[in-house]
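Read through the structure below, which is laid out as structure tokens, and then see the notes.
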Amino acid sequence: MIKMTKKKPKFERYGWRKKKKLSKSWRRPRGHDNKLREHIAAKGASVKAGYRRKKEERGLHPSGVREVLVFNTNELAKTTAVRIASSVGRRKREQIEEEAAARGIRVLNPKYPF
């Protein structure tokens, strides 16, 4: 398990709170008078290469374990954490969760109750 570094800021589109038609997803500000484009600190952080995570941390679950997507019990190999695919039904999901508990594997998206 790897200790994660501090969180990066949420990069949201400038002005998305003001106009209903704007989505939250990041778009680079291109306006002539845009304060975020001019790097005014109070307007929020802008996307830059320096915010990227370390190579060892990329693709990890926030808890710091490498997760594996699983569709059936045969895929429960030598892993520490698994995520059950959304297309898996209730019966097979129960089987996967029981098998994982027996092997001591952590399920990152368990369903309660069955």
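The values are calculated or read from the model by the stated rules, or taken from the named source; none is laboratory data. All of these numbers come straight from a predicted model, not from anything done at the bench. Because the Cβ atoms are built from the backbone with ideal geometry, glycine has one as well, and the counts that use them run over all protein chains shown. Heavy atoms of the whole protein, side chains included, go into the accessibility calculation; ligands, DNA and RNA do not. Shrake-Rupley method; radii C 1.70, N 1.55, O 1.52, S 1.80 Å.
Numbers at a glance
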{"item": "Relative contact order (percent, whole number), the chain, Cα cutoff 8 Å, 6+ residue spacing", "result": "18"}
{"item": "Separation of the Ile2 and Lys21 label points, Cα + 7 Å toward Cβ, nm", "result": "4.2"}
{"item": "FRET efficiency, 1/(1 + (r/R0)^6) with R0 41 Å, evaluated for Ile40 and Arg90 via beta carbons", "result": "0.20"}
{"item": "Solvent-accessible area, 1.4 Å probe, carbon plus sulfur percent, for the chain", "result": "51"}
{"item": "Over 31 Å (Cα to Cα) - which of Lys6/Lys35; Lys6/Lys78; Lys3/Lys92; Lys8/Lys92 fall in this group", "result": "Lys3/Lys92; Lys8/Lys92"}
{"item": "Placed amide H near Glu67: partners under 5 Å, 5+ positions off or other chain", "result": "His61"}
{"item": "Calculated SAXS-style log₁₀ I(q)/I(0) at q = 0.09, 0.15, 0.18 Å⁻¹ - the chain, Debye, Cα scatterers", "result": "-0.44, -0.80, -0.91"}
{"item": "Å² per residue, accessible surface of the chain at 1.4 Å", "result": "81"}
